[in-house]
Each structure stands twice: as structure tokens, then as C-alpha cells.
Amino acid sequence: MPFTVYARMMHRGDVERRLRNEGVVPVERIYIYRIEMPSVQATFHEYYENGLRTVHETVRTPVGEVSATRKVDPNYASWWQVDFYIKRPEDYRVVEFMARDTAYRPNYEAFLLAQERWGEDGYVFANTGYSPMNHLIYRWMGVDRFSMDLHDHPDELFSLYELLREKQREMFRVCAESPAELIQYCGNIHQDVVGLNRFEEYYVPCLNEFADVVHEQGKLSLCHLDAPLSSLATAVAESRIDVIDIEAFTPVPDGDMTVQEARQAWPDKVLWVNFPSSVHIRTDTPGDAEHPAPGSAGGKFSGRDHRGYTGERLAQQPGHDLTDDLRARGLAHGRSVAV
């Protein structure tokens, strides 16, 4: 199986080509829909603060306005929210209007163009967004406001949750009818923020419904589970998601499960594993060695950590059909794809 890396993280040049020749496969996530809010007006003020690109957004609706600020991580190009739309109880009616005004329109052309651009030199899969509860936490409210409003304003919070869930069903259908075979839905679910009971009640039903809809059209569902997961492991196992995107699954020491534990917990799901720098620079992993991987261009890394983790990374020569390979060898047999 191939090493993979986000395409935006590979700077074009001789080193990039050598890595790709040795089995590294760029992957690109493409949104397969556009969001339209015809009765909502958004304005953006962009500036730099302490050297960081910062964007302040103001959203105006017929029932009021809200604002939010975010910054760009210069290393990973991720957006980080500084503040959120919902800052007070009166803001709920504004974001409810935004949710009701939302329409999901297919954006299949962008996906097909990316596939054509990469050919057999990379892999393209579809991206969506957060499930309703995570959308509230990480896009509209923030953890602090979410925690307080669970106690102080539960009616408004859960009404908004149900509205988002209803609207996302439109998005599910757009995804199912898309040309993508692998579609990411939700992620960044942290057990310490959510808790098992809330995960089972408000996340798993959404993940299952999405999986059921895309399965009807022969698609595979993926969830970007990159945080500590041990307390949620059984619930994840019982869900109907196919791939624990765990293109983000992060083993110890950053996460709290080893690859071996994850493999045992989810034997019928695909692990797309993230090996962060903490794994590469560890000095307490006796037995590290390189061995030739049959049929591969590079080699296999194996090692054991202090909790008994044994991991393998196989380099796969690019040039064959990665789409068929991921389905036939990875998705069917539950093999790990290492990032």
C-alpha cells in the first residue's frame, strides 16, 4: 500500500518527483458541492495581525447580523477560528435563518478536473463538512459557548442541531450522485469534548445515515477521526462508516490507541493512518529496521513501541490504477494506508 500525503504539502520539484517515484502518492480532497444562501450577504475584511493572515467576516440577514474571525496557520494552511457567529442568545435566530437559506449545488466539475489533472499519479476523493454537532462546535459556536449553552440554552442549541441535520440530507443526496467513489463526512471528533453518550446520540446517527445514502449508489464513506478515540472505539466499530480516515488516525504517542489496538477494534474498517513526526523521531522504539517490501518500489518500516505497537508502512509503486487498487487491496481487505 502507498504512502500518501496531502498534495498541497508537496512542493513541486526534483525531491517531490523522487518521492513519487519511490511510492509516495499525493492525495487531494475536493468539495463536490457549492453552498448558496441567496438571502444572505457576507462581507470580508482581510488583514495581517502579528504576521498572521486574518479574516473578519460579517454576515447580514433579514433578521440580523453575526460576525466571526479566523486566522490562517502559516505551516499547514488550516483556518483557525478566533471567534464565532454565536456569541449571545440573540444570534441563534440569525444562524437559523442562514441554515434555512442554505442550498447545496453539485460541483462535480471540480472533482472531475482534479481527477483528470492527477491521472494515475495521485488520488482524489470527495470532501464535505462537519456533521451538525461538530459544525456547531467548530464553525458556529466554539467549545466554550457550546458547553455553556448546553446548560443555559439547550432548546435553541438542539433546535439548531435538528435544523442542520434536516438540511444536510440534501447534501447527502448530492454526494451520492457524484462521480466520487470515496467521500469524507465529518471528523475532528474529540472524545474529551464530545463524550461517549453524546457521540452515540448525536454523531453516530448522522454518520450512519450518510453512509446508508452513499452506499445506495456504491460509494464509500470516510470519517476524519484524528483525535484520541479509545473511549469511542466500540461506538465507531458499530457505525456503518467504511474508512476511518483515519487518513487521520493518529497512534500513540499523540493519540491514545496503537495501530494494533485500532485494527482489533475495527477489523472490518479501513485504517488510513497518520504517522506524525513524534513517531519518526522517537528513540525508544527498538527493532526499527528496513526490509524490502515484495512488489514495492521502496521498503517497509517496522518497529515496536513501549505499548507493544507494531507498525508497517509499505511503499507502492505509482502508475497502476490507484482507484481499483484502493478498493480491491485496501478497502476490501482492511489494509492500512500510511500517511
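For I183, indicate whether it is modelled with pLDDT of 95 or more, buried (at least 16 other Cβ atoms within 10 Å of the Cβ), among the β-branched types (V, I, T) and in a helix (DSSP H, G or I). The answer is no for I183.
Applying a threshold of 7 Å to beta carbon distances and a minimum spacing of six or more residues, or different chains, the list of pairs starting in segment 271-288 at a residue that is closer than 29 Å to Q184 by Cβ and surrounded by 10 or more Cβ atoms within 10 Å (Cβ to Cβ) and ending at one that is at pLDDT below 75 and of a type in the set (S, T, Y) reads L271/S336; V273/S336. Apart from one condition, E46 fits all of (1) of a type in the set (D, E, K, R); (2) without any contact (Cβ under 8 Å) to a residue 40 or more places away in the chain; (3) within 29 Å of V204 (Cβ to Cβ); the exception is (3). A single entry from W118, W140 fulfils the requirement of being over 27 Å from H56 (Cα atoms), buried (at least 16 other Cβ atoms within 10 Å of the Cβ) and in contact (Cβ under 8 Å) with a residue 40 or more places away in the chain: W118.
Taking the conditions (1) within 14 Å of the chain's Cα centre (by Cα); (2) of a type in the set (A, V, I, L, M); (3) surrounded by fewer than 23 Cβ atoms within 10 Å (Cβ to Cβ) in turn, V236 satisfies each one other than (1). Would you say M133 is in contact (Cβ under 8 Å) with a residue 12 or more places away in the chain and in a helix (DSSP H, G or I)? Taking the combined requirement at face value, the residue satisfies it.
Within segment 126-175, the set of residues being touching a strand residue (DSSP E or B) at 6+ places or on another chain (Cβ under 6 Å) and more than 15 Å from F199 (Cβ to Cβ) comprises A126, N127, T128, E170, M171, V174, C175. When segment 64-99 is filtered for residues that are out of contact with any strand residue (DSSP E or B) (no Cβ under 8 Å at 6 or more places or on another chain) and not in a loop (DSSP other than H, G, I, E, B), the ones remaining, listed by number, are G64, Y92, E96, A99.
Of the helices (runs of 4 or more DSSP H) entirely within segment 227-287, those holding at least 2 residues that are modelled with pLDDT of 90 or more occupy 233-238, 259-265. Could you list, in sequence order, the residues of segment 12-43 that are in a loop (DSSP other than H, G, I, E, B) and either free of Cβ contacts under 8 Å to residues at least 60 places away in the same chain or of a type outside the set (S, T, N, Q) (or both)? Once the filter is applied, which keeps residues that are in a loop (DSSP other than H, G, I, E, B) and either free of Cβ contacts under 8 Å to residues at least 60 places away in the same chain or of a type outside the set (S, T, N, Q) (or both), segment 12-43 yields R12, G13, E22, G23, I32, M37, P38, V40.
The values are calculated or read from the model by the stated rules, or taken from the named source; none is laboratory data. Just so it is clear, the structure is predicted and the values come from calculations on it, not from any experiment. Reconstructed Cβ throughout: ideal geometry from the backbone, glycine too, with neighbour counts over all protein chains shown.
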